[in-house]
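Notes follow once the structure below has been shown.
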Amino acid sequence: MPEPCTISNTSPLLYLHLIRQLDLLPRLYNAVFVPPAVVDELHAGAIRGVDVPQLTTLPWLRVMALASTASIPMVMDLGRGEAEVIALGLENPNSRLILDDTLGRRIARLQNLQFTGTVGVIVKAKQRGLVSAVLPVIVQLQEVGLWLSNEVVAEVLRQADED
């Protein structure tokens, strides 16, 4: 069975870049795809002076255009990046989404899409022996601005056998 298509939103790319763990993505998933909105969001961040990954230097990252805008969820509070990631997920059955936004994850769940988040990537990296412990990486992610509730941190540490 072929490896599922992995489609990332902006925040996982940004947060993993900021903690210098972006190389985990190709090690875990081979190729990663992003919709045009993610490229636009990262470009907008760069213009504002945010330290964002330079997508053109990442040979494992590919931009995937939407086949149709009809599959984009029309939800007011959903960002354009999340909406296009979900739309690509709908267009590519058996794909895996990487997104952190609560509303985006709720919509992905309602659409029966497979997804994980930045912290899920870290847990998988530990399971594969690519990081030795999840907790120090969670602390780094929180230091660069990823908000995680105490309940989420406790659940992730339980999943990583670090509780």
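Listing for the model above:
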| quantity | calculated |
| --- | --- |
| Complete set of residues in region 124-150 that are of a type in the set (A, V, I, L, M, F, W, C) and either in contact (Cβ under 8 Å) with a residue 40 or more places away in the chain or within 18 Å of Asp23 (Cα to Cα) (or both) | Ala125, Leu130, Val131, Ala133, Val134, Val137, Ile138, Leu141, Val144, Leu146 |
| Residues being within 13 Å of Gln140 (Cβ to Cβ), assigned to a helix (DSSP H, G or I), open to solvent by 10 Å² or more (accessible area, probe 1.4 Å) and touching a residue at least 60 places away in the same chain (Cβ under 8 Å) - total across region 11-34 | 2 |
| Matching residues, region 140-150, being farther than 21 Å from Leu28 by Cβ and open to solvent by 60 Å² or more (accessible area, probe 1.4 Å) | Gln142, Glu143, Trp147, Asn150 |
| Subset of region 41-58 [in a helix (DSSP H, G or I) and exposed (fewer than 15 other Cβ atoms within 10 Å of the Cβ)] | His43, Ala44, Ala46, Ile47, Thr56, Thr57 |
| Which listed residue is of a type in the set (Val, Ile, Thr), touching a residue at least 40 places away in the same chain (Cβ under 8 Å) and closer than 17 Å to Tyr15 by Cα, from Val153, Val121 | Val121 |
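The values are calculated or read from the model by the stated rules, or taken from the named source; none is laboratory data. Values in this document were obtained by computation on a predicted structure and should not be read as measured data. Counting neighbours? That spans all protein chains shown, and the Cβs are built from the backbone with ideal geometry, glycine included. Protein only, heavy atoms only, side chains kept; ligands, DNA and RNA dropped before computing areas. Shrake-Rupley method; radii C 1.70, N 1.55, O 1.52, S 1.80 Å.
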